[in-house]
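Data block below; observations after.
Taken together, the values in this text are just the output of simple stated rules run on the coordinates, not laboratory data. Bear in mind the structure is a predicted one, so any value in this text is a computation, not a measurement. Note that we place each Cβ from the backbone using ideal geometry, even for glycine, and neighbour counts take in every protein chain shown.
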Amino acid sequence: MKRELEKLIEAAWKAERDGELWKESAIDIGYIEGQKRLAKHNFEVAQRMNALNKANRPQKEWEKCPDWVITACYYSMHRAVLAWLAGKGWKGRGHEPTLGKLIEILGEDQPALAEEIGNTVNEARKLRNSASYAVFSLEELQQKVDLLLADTATILKKLGVV
């Protein structure tokens, strides 16, 4: 996994060179608060969809959607990463470069935490890609949801969203 995190940091460096990841001259509090609000919102949506998915008697016309729970969890984490980066004065585009920058910055003072967060968010990113683009049974995806919800709550806490 360590090499995967190194590749994310390399993606951040490339994004910096290409102008897709940049240091702001001032910290944008409104942007940070907006990203935190969206992180919380996505997590709440994931929790509510999961509750409907698990209901013995689901709402009329409700189709189980663990793929969307996974997507909402990942985007909750991604928004938390963007908020954390903005708190350090950074903004950028792209999922891999922004996660790589978080790993790089956080790794300077807290390498174990940087690795933990990097691994968790990166695994969620890959799961989100699989849930969105691969063919899985709903049951296979649902088996991954409870752990992902717990991981999302942990990431939001560790990145200061909640």
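A run of the chain free of exposed loop cleavage sites, with trypsin sites (Lys or Arg not before Pro) counted only in DSSP states other than H, G, I, E and B and at most 15 other beta carbons within 10 Å, reaches its longest extent at 94-162.
In the chain, the longest principal axis of the Cα atoms and the axis of helix 2-17 are about 60 degrees apart. Our helix-only sum for the chain, with -39,500 (n - 2.57) per DSSP H run of n ≥ 4 divided by its residues, gives a mean residue ellipticity at 222 nm of -26000 deg cm²/dmol. To the nearest ten degrees, helix 111-133 and the longest principal axis of the Cα atoms of the chain are 50 degrees apart.
Cα gyration tensor of segment 1-50, axes a ≥ b ≥ c as square roots of the eigenvalues: rounded (a/c below 1.5), prolate (a/b > b/c) or oblate? Oblate shape, in that a/c is at least 1.5 and b/c is the bigger or equal ratio.
As I understand it, the value is the acute angle between the Cα axis of helix 95-109 and the longest principal axis of the Cα atoms of the chain; what does it come to in degrees, rounded to 10? It is inclined by approximately 60 degrees.
Scanning the chain for GluC sites (Glu not before Pro) that sit in a DSSP loop and have at most 10 other Cβ atoms within 10 Å, the longest stretch containing none of them is 64-162.
Considering the options Gln110, His78, Ala46, tell which one lies farthest towards the positive end of the dipole of the chain, charges being +1 on Lys and Arg and -1 on Asp and Glu at the Cβ, about the Cα centre. About the Cα centre, the residue reaching furthest to the positive side is Ala46.
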